[in-house]
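Asks: Please see the structure below; I have some questions.
The values are calculated or read from the model by the stated rules, or taken from the named source; none is laboratory data. Here the structure is a predicted model, which is why all the values come from computation and not from measurement. With ideal geometry, Cβ positions are generated from the backbone for all residues, glycine too; neighbour counts draw on all protein chains shown. These accessible areas exclude ligands, DNA and RNA; they are computed on the full protein's heavy atoms, side chains included. Shrake-Rupley method; radii C 1.70, N 1.55, O 1.52, S 1.80 Å.
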Amino acid sequence: MGTGAAAIAQLDADIQQHLPALPEIPTLEPEPARFRLFDSVTTFFKSASGARPIVILLDDIHWADTPSLLLLQFLAKELRAHACS
């Protein structure tokens, strides 16, 4: 997961259990913390797609909450820009 692993691990306790040596990340105000998380997830997908293309499947997206949709919007924009460069 690269340098953003600690931020991504905040999403899921299973990740934290598999990567117990992750450093503590500084507490930020909500908006910068959201950007750090979104950027970390995007960086992860950019790295994962570097070796070969990947496919992201979204199931039941109509149940997604607003923060999840904001993440997907950010991810789509950044990955589109990454693919075009």
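Asks: Where is the GNM fluctuation largest for the chain (alpha-carbon springs, 10 angstrom cutoff): 33, 13, 48?
Replies: For the chain, modelled as a Gaussian network with Cα springs under 10 Å, the answer is 13.
Asks: So, R0 is 30 Å and r is the distance between the beta-carbons of residue 72 and residue 13; what FRET efficiency does that work out to, to 0.05?
Replies: 0.85
Asks: Summarise the accessible area of the chain (1.4 Å probe, protein heavy atoms) by the percent that is carbon and sulfur.
Replies: Carbon and sulfur: 59 percent of the exposed surface of the chain.
Asks: Separate question: Quick one: net charge around residue 43, please, counting Lys, Arg +1 and Asp, Glu -1 for every other residue with C-beta under 11 Å from its C-beta.
Replies: Computed value for this residue: 0.
Asks: Let me ask something else about it. Once the piece of chain linking residue 62 and residue 39 is laid out straight, how much longer is it, given 0.36 nm per residue of separation minus the C-alpha distance between them? List each step's numbers first, then the result.
Replies: Numbers: separation 23, 0.36 × 23 = 8.28 nm, distance 2.35 nm.
So the chain would gain 5.9 nm between residue 62 and residue 39.
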